[in-house]
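The structure appears below as structure tokens.
The values are calculated or read from the model by the stated rules, or taken from the named source; none is laboratory data. Note that this is a predicted model, so its numbers are computed, not measured. Because the Cβ atoms are built from the backbone with ideal geometry, glycine has one as well, and the counts that use them run over all protein chains shown.
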Amino acid sequence: MQVIILPSARDVALYAADCVVDVIDARTNPVLGLATGSTPIALYKELVGRYQSKQVSFRHTTSFNLDEYIGIADSHEQSYRTFMNRHLFDAIDIIATNTHVPLAESQDAGTLKKSAQDYEASIQQAGGIDLQILGIGLNGHIGFNEPTSSFASRTRIKTLSESTVVANKRFFKDGEFQPHLALTMGIGTILDSRAVLLMATGKAKAEAVKAMIEGPLSAMCPASALQLHETATIVLDEEAASLLA
Ligand code: F6R
């Protein structure tokens, strides 16, 4: 695990954009793992800018997102598919059918299990993930692998922890249905990526970052699993790094 501390959140986004472009330049058919949430928005904005100024093309890129809420349609305002279309896919030249977000609209357990298995198979068919972008939850989650998730877990249904539901409440209108379940890549799925880049910015993430980097390997901090990954890079702004020894 390599840790890089940069002065600002903007520097973190620029660093991550350089990593993404390097992978795209190096591979004939690059495969990216992508995340939603507040943290990667600046990265996606930077990538859109570089695409517009013809510094990068996503024509041959395939993408797999980490997770999707269960029980809301792809077209729902708060679905992660909508998020990705809005912040990245609709603004670049990636081929829509090469973008993958777990299919999780159904509430039927059998359908969701099949969807999870198909997702794993699609990642394999694409040749595996070259670079997985991650954020970190306040409780140390990666994807929606909440504390107690197995380090060997694969794409599956997860119940969101109360703190994650509270943290994501800001995105839903008052009284609107807010999912408490998600379909998420597992920690084992994430660890299979050839490289991982976790971005964390802001003081609120400092404790989770400390547990991930300096804490023991523990299912109580799912991100600590990245200590096992030889090519995991953790890129932090000074605030997120502020509790590191
Ligand atoms: C999003 C995801 C989550 C977020 C994490 C941090 O696809 O899988 O693990 O990366 O909750 O979210 P933000 O960036 O909003 O703090």
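At-a-glance table
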| item | result |
| --- | --- |
| Close pairs (6 angstrom Cβ cut-off, 6 or more residues apart or separate chains): in contact (Cβ under 8 Å) with a residue 24 or more places away in the chain in the stretch 127-146, within 6 Å of the ligand (Cβ to nearest atom) and of a type in the set (S, T, N, Q) anywhere | G135/T39 |
| Qualifying residue in the stretch 184-203 (condition: in contact (Cβ under 8 Å) with a residue 24 or more places away in the chain, farther than 24 Å from D118 by Cα and more than 18 Å from the chain's Cα centre (by Cα)) | yes |
| So F83, is it of a type in the set (F, W, Y) and either touching a Phe, Trp or Tyr at 6+ places or on another chain (Cβ under 9 Å) or in a helix (DSSP H, G or I) (or both) | yes |
| Index of the failed condition, N139 passing every other in (1) assigned to a loop (DSSP other than H, G, I, E, B); (2) buried (at least 24 other Cβ atoms within 10 Å of the Cβ); (3) within 12 Å of the ligand (Cβ to nearest atom) | (2) |
| Residue within the stretch 196-209 that is in a helix (DSSP H, G or I), within 10 Å of the ligand (Cβ to nearest atom), under 23 Å from R81 (Cα atoms) and out of contact with any strand residue (DSSP E or B) (no Cβ under 9 Å at 6 or more places or on another chain) present | no |
| Complete set of residues in the stretch 49-79 that are among the aliphatic types (A, V, I, L, M) and surrounded by fewer than 16 Cβ atoms within 10 Å (Cβ to Cβ) | A73 |
| Condition check for K54: farther than 24 Å from E120 by Cα, of a type outside the set (A, V, I, L, M) and within 16 Å of the ligand (Cβ to nearest atom) | no |
| Any hit, the stretch 3-11, residues being within 16 Å of the ligand (Cβ to nearest atom), surrounded by 17 or more Cβ atoms within 10 Å (Cβ to Cβ) and not hydroxyl-bearing (S, T, Y) | yes |
| Per-region count, the stretch 60-86, residues without any contact (Cβ under 8 Å) to a residue 40 or more places away in the chain, away from the ligand (no atom under 11 Å from the Cβ) and not charged (D, E, K, R) | 9 |
| Residue within the stretch 151-165 that is touching a residue at least 60 places away in the same chain (Cβ under 8 Å) and in a loop (DSSP other than H, G, I, E, B) present | yes |
| Only listed residue being among the β-branched types (V, I, T) and out of contact with any helix residue (DSSP H, G or I) (no Cβ under 6 Å at 6 or more places or on another chain), chosen from I136, I142, I129, I92 | I129 |
| Subset of the stretch 18-46 [more than 25 Å from N168 (Cα to Cα), touching a Phe, Trp or Tyr at 6+ places or on another chain (Cβ under 9 Å) and hydrophobic (A, V, I, L, M, F, W, C)] | I24, V31 |
| Selection status of T164, within 15 Å of T36 (Cα to Cα), of a type in the set (S, T, N, Q) and either at pLDDT below 95 or buried (at least 23 other Cβ atoms within 10 Å of the Cβ) (or both) | yes |
